[in-house]
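Here it is: the structure, laid out below.
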Amino acid sequence: MTRAASLYRTMRLVRRFEERAIDLVTAGEIVGGIHPYIGQEAVAAGVCAALRRTDVITSTHRGHGHVLAKGADPGRMMAELAGRTTGLNRGRGGSMHAADLSLGILGANGIVGAGGAIAVGAAWAARRSGSDRVAVSFFGDGALNQGVLLEAFNLARLWSLPVVFVCENNGYATTLPVDASTAGAVLGRAAGFALPAVRVDGMDAEAVLDAAADAVRRARSGGGPAFLECVTYRFRGHHTNEAGKAATYRTEEEIAGWRARDPLLVQGARLPADVRAGLDAEVEEAVAAAVAYALAGPVPLAADALDHLYADGLVPRGKVVA
Amino acid sequence: MAGVALSYLRALNRALGDEMDRDPAVCLFGEDVGLGVSGLTGGLQRRFGADRVVDMPLSEQAFTSMATGAALCGQRPVVEFQIPSLLFLTLEQIANQAHKFSLMTGGQCSVPVTYVVPGSGSRAGWAGQHSDHPYGMFAHLGIKTVVPSSAVDAYGLLVSAIRDPDPVVVFAPAGVMATRDVQTAPLRPVPLGVGRVRREGTDVTVVAIGHLVPAALEVAGRLAAEASIEVFDPRTLHPFDWAGLRASLERTGRLVVVDDSNRSCGIGAEVLATVAEEMTLRAPPKRVTRPDGAVLPYAAVLDRAVQPDADDLEAAVRAVLK
Ligand SMILES: Cc1ncc(C[n+]2csc(CCOP(=O)(O)OP(=O)(O)O)c2C)c(N)n1
Ligand SMILES: [Mg+2]
């Protein structure tokens, strides 16, 4: 598959996965809802296309795109959202903790800004063990105000670790516009720690991939960390539970303006119509199979609720002791 | 083996050195660990190199999660905190990140990190922000929690903590750091979750934690003519050696717990609750603790006033024997 087609396919997969996941939220099959990634697909697709299977990522509360783009099986991912034992995490993590350690996916994370320092640790371990593995940490604009992430920038630069920080600036942290939360410029945060940084069009997967490939190549060859600001937008609410609420923090015009630059349209326009149609059909099938796989999976047994709490099999005392 | 004096701090230092010798994945993160300012890590950087015994910037949150990331990628970090209250600063990174990875990923990974606080509890004259003893909080959270009371146990428990596949917090109470043991046998790992009867008795069991074990032994000596006191040192607070405690109470039927943490929701409360539910006593038990919600005041007399001591314990033992 060409690079252009492959980027399109990944984005299409993420888009259709998310749309079907939202259906399953509405249908009550996914409890707790999700943070849809729709609109931001070019970031995950572009960055992960620059990575190898052995590279690692840390993701966020809005993590489905990263996890799928890094190669997680869509069926096992959907099963995880549906809380089935066939899920990536055996139904123990759900949307905000989906992980596949065998693919270097150290997990989505429910705490904003938490992944940066974990990625630094992974990069440090790679260096120590003589591996040329690279770590990527995804985070939103909101995370730029988390102290631990800024600490992580410092450690990464201080020791020139092979880590790439990817800021998905979608303009808002929940309802708070980035201008109302962030003193100075986003890139200024990187400059403060002497991190080489670039701002890229986060609606254009090719542009993201070019920038990510540069950063990853440099990190892999010992050139140290980098920072990408990917300017993007989420088309849906912050979370599926926003749907019923009167959310007035964004105007219809603003949303429409960004939708006109839908990353799937941008990338789709680069492909012959028949190629695009073929990929669409393929993705449709894959996502339908993922949903079927997910819903066919068994729910866990209540008696197993604290399985895996301890790696050594320690069994904690229960709710009531006879 | 002829008796050799072994200091508590030296025992911890030896455990670190021996484990680093044995397992190349063991590495050490902390502030001023190169020079070994706290005494814990002295000589280790010279022996193992600065890229394995890493002097950290004052970014506790980042280096705590860095340890998590490194652990997820095959390393086995030990993290030193200079002050017990740094555990409050890093509670998110320990309790909400490291501790939860095993369950939330459905057992895909574990996080073998050991956190060591050399000098927990009152250090006499260090006042409110340096004198907490939050072991009960970690036991409550389900994080493996160890409080060695003697040099030989300090060695053996730290070794086991490092080898354990899960996060373990090791509290080395300031009140015993300067003590010495007479070592009569080769040092060995001490399994987590196994208590130790430090003095046998038939009238009352005193459960003592950390530096209060020597205090309990002192009281047992003082009262030897009047009562036969058994001193039970749980050594690990989570998992707790309930079977060991039960066996002791079957001999004595009476219980006093001496616990240098705040009264409400302290580990002493848990011991009393469990015994009330599951075991049989001949007399109502007692706890000797810090007061509810205590903040340690500075002046020496005030500092001592809020800590449980041998006199408080003696009074409680007498009350239980009445
Ligand atoms: C440390 C922390 N604070 C608050 C929250 C609640 N919360 C979840 S997502 C979010 C907004 C995050 O914004 P951003 O980082 O820009 O990511 P985006 O949602 O835009 O993808 C907030 C406040 C959290 N999960 N973690
Ligand atoms: Mg945002």
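The values are calculated or read from the model by the stated rules, or taken from the named source; none is laboratory data. What you are looking at is a predicted structure, and each value in this text was computed from that prediction instead of being measured. Virtual Cβ from ideal backbone geometry, glycine too; neighbours counted across all protein chains shown.
For (1) small (G, A, S); (2) more than 16 Å from ligand 2 (Cβ to nearest atom); (3) touching a residue at least 60 places away in the same chain (Cβ under 8 Å); (4) closer than 12 Å to A:E229 by Cβ, each residue gets a yes or a no:
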| site | (1), (2), (3), (4) |
| --- | --- |
| A:L155 | no, yes, no, no |
| A:D179 | no, no, no, no |
| A:A185 | yes, no, no, yes |
| A:G188 | yes, yes, no, yes |
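Within the range A:133-148, can one find any residue that is in a loop (DSSP other than H, G, I, E, B), away from ligand 1 (no atom under 16 Å from the Cβ) and modelled with pLDDT of 95 or more?
Yes, some residue in the range A:133-148 is in a loop (DSSP other than H, G, I, E, B), away from ligand 1 (no atom under 16 Å from the Cβ) and modelled with pLDDT of 95 or more.
Any residue at all in the range A:109-120 that's of a type outside the set (A, V, I, L, M), farther than 25 Å from A:R199 by Cα and within 9 Å of chain B (Cβ to nearest Cβ)?
yes
Which residue, of B:G201, B:G253, is surrounded by fewer than 18 Cβ atoms within 10 Å (Cβ to Cβ), in contact with a Lys or Arg (Cβ under 9 Å, 6 or more places away or on another chain) and over 24 Å from B:K144 (Cβ atoms)?
The conditions single out B:G253.
Could you check A:I111 against (1) crowded, with 24+ Cβ neighbours inside 10 Å; (2) within 16 Å of ligand 2 (Cβ to nearest atom) and say which number it fails?
Every condition holds for A:I111 apart from (1).
Looking only at the range B:194-215, decide whether some residue is within 14 Å of chain A (Cβ to nearest Cβ) and closer than 29 Å to B:C109 by Cα.
Yes, because at least one residue in the range B:194-215 is within 14 Å of chain A (Cβ to nearest Cβ) and closer than 29 Å to B:C109 by Cα.
Here's another thing I want to ask about it. Contact list please: Cβ distance under 9 Å, first residue in the range B:124-149 and at positive phi, second residue part of a loop (DSSP other than H, G, I, E, B) and surrounded by 24 or more Cβ atoms within 10 Å (Cβ to Cβ), pairs at least six apart or on different chains.
Within 9 Å, the pairs are B:A124/B:S131.
Quick grid of which residues meet (1) touching a helix residue (DSSP H, G or I) at 6+ places or on another chain (Cβ under 8 Å); (2) buried (at least 21 other Cβ atoms within 10 Å of the Cβ); (3) not aliphatic (A, V, I, L, M):
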site: B:G17; (1), (2), (3): yes, no, yes
site: B:R22; (1), (2), (3): no, no, yes
site: B:A25; (1), (2), (3): no, no, no
site: B:R46; (1), (2), (3): no, no, yes
site: B:G49; (1), (2), (3): no, no, yes
site: B:R52; (1), (2), (3): yes, no, yes
site: B:A62; (1), (2), (3): yes, yes, no
site: B:A67; (1), (2), (3): yes, yes, no
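Scan (1) surrounded by 12 or more Cβ atoms within 10 Å (Cβ to Cβ); (2) of a type in the set (G, A, S); (3) out of contact with any helix residue (DSSP H, G or I) (no Cβ under 9 Å at 6 or more places or on another chain) for the single condition A:A289 breaks and write down its number.
It is condition (3) that A:A289 fails.
Residues of the range A:74-97 being among the small types (G, A, S) and facing another protein chain (nearest Cβ under 9 Å), which ones?
Within the range A:74-97, A:G87, A:G91, A:G93, A:G94 meet the criteria.
Same structure, new question: Limited to the range B:140-178, what total is found for residues that are at pLDDT 95 or above, in a loop (DSSP other than H, G, I, E, B) and away from chain A (no Cβ under 14 Å)?
Number satisfying all stated conditions: 4.
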